[in-house]
Ligand code: CP
Ligand code: NVA
């Protein structure tokens with residue numbers, strides 16, 4: 001049994017498989033082909049933070065695969081009344097086949113997984129957001145891959161430069177893990193005090209040399225990039241820091257000038273929800289280089305491939 005708690009939980013070979021399956025599963029959806037490999041299976045979704053995309057993509061995706069979904073939040077379950085996470089894990093995993101959790105600390109999801117009988121998926125923690133990066137990479141491959149075969153997926157990422165402009169948050173940490181594993185480079189630019197934490201992304205392991213570079217000026221991070229990406233200045237759970245962050249992040253707004261120093265065919269991505277005029281200007285997110293709506297839709301297709309893989313393993 002496998003869990004998907006962070007991007008580094010899977011190998012490059014597993015990602016190659018997942019990207020290929022996501023393309024096949026997306027094709028079935030687009031042609032209205034019924035595909036019910038998870039009939040009679042149930043996904044439990046636990047949300048301790050708000051969500052639009054994660055909820056809709058997992059819920060719609062599971063129904064499309066023939067399964068069903070149970071939706072729990074802190075407020076409407078015993079999770080909000082201090083039932084130990086270990087007990088919740090034992091109980092929920094006796095009645096369902098798969099669990100997706102969006103919560104605060106990574107330690108909480110790790111503890112849940114330790115006591116779960118079924119695979120657990122990270123739907124966002126303070127530290128990581130692996131499902132989002134899975135969708136982002138699939139979207140990049142769709143737009144920039146050339147050969148269209150399974151091997152194309154990974155080769156299209158190798159040697160590329162992704163510019164991360166903004167907070168050293170859950171998304172940034174996950175980009176670092178992906179770059180280390182899949183052979184591209186992340187140019188990270190954050191305000192002072194909001195840097196990425198290498199220990200968090202890589203633990204005691206030495207990352208691949210050159211998998212990320214730090215730039216104090218976001219313009220320098222964007223120079224020559226194949227993909228420019230950012231995220232909200234204040235992530236969920238950090239709302240008390242909102243005013244301080246607004247001041248600190250004022251220069252970390254992706255605008256037309258930053259896009260102009262990236263490659264001319266550079267894509268723009270944002271995991272959403274976005275704040276136009278804060279971390280990104282409207283003419284960038286609503287402009288021709290932006291692929292944010294494909295990125296959002298692809299959450300569903302890649303997560304269907306992920307759920308299929310966790311429950312059924314590799315299909316021939
Ligand atoms: N990108 C993302 O995870 O969006 P939601 O918070 O709406 O789920
Ligand atoms: N970094 C953001 C992502 C939201 C999808 C947050 O954690 O709130």
Criterion (touching a strand residue (DSSP E or B) at 6+ places or on another chain (Cβ under 8 Å) and closer than 28 Å to residue 238 by Cβ) met by exactly one of 143, 187: 187
Test for residue 70: is it over 30 Å from residue 144 (Cβ atoms) and either in contact (Cβ under 8 Å) with a residue 60 or more places away in the chain or touching a strand residue (DSSP E or B) at 6+ places or on another chain (Cβ under 9 Å) (or both): yes
Residue list for the stretch 19-45, filter: touching a strand residue (DSSP E or B) at 6+ places or on another chain (Cβ under 6 Å) and either away from ligand 2 (no atom under 16 Å from the Cβ) or farther than 15 Å from residue 102 by Cβ (or both): 42, 43, 44
Within the stretch 132-150, tally of residues that are in a helix (DSSP H, G or I) and modelled with pLDDT of 80 or more: 13
Every residue from the stretch 198-240 that is under 28 Å from residue 103 (Cα atoms), touching a helix residue (DSSP H, G or I) at 6+ places or on another chain (Cβ under 9 Å) and part of a helix (DSSP H, G or I): 198, 200, 201, 202
Subset tally (residues that are at negative phi, exposed (fewer than 15 other Cβ atoms within 10 Å of the Cβ) and more than 15 Å from the chain's Cα centre (by Cα)) for the stretch 36-53: 3
Scan of the stretch 198-244 for residues that are surrounded by 22 or more Cβ atoms within 10 Å (Cβ to Cβ) and within 16 Å of ligand 2 (Cβ to nearest atom), ordered by number: 201, 229, 230, 231, 232, 233
Among residues of the stretch 47-65, those that are more than 13 Å from ligand 1 (Cβ to nearest atom) and outside any helix (DSSP H, G or I), counted: 1
From the options 262, 282, 266, 240, residue that is touching a strand residue (DSSP E or B) at 6+ places or on another chain (Cβ under 9 Å) and without any contact (Cβ under 8 Å) to a residue 24 or more places away in the chain: 282
Candidate set: the stretch 151-166, residues that are assigned to a loop (DSSP other than H, G, I, E, B) and touching a helix residue (DSSP H, G or I) at 6+ places or on another chain (Cβ under 8 Å); chosen: the one nearest to ligand 2 (Cβ to nearest atom): 166
Strands (runs of 3 or more DSSP E) contained in the stretch 66-122 and holding at least 3 residues more than 22 Å from residue 6 (Cα to Cα): 68-73
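The values are calculated or read from the model by the stated rules, or taken from the named source; none is laboratory data. Please read all numbers here as calculations on a predicted model, not as lab measurements. In this analysis, Cβ positions are derived from the backbone assuming ideal geometry, glycine residues included, and neighbour counts consider all displayed protein chains.
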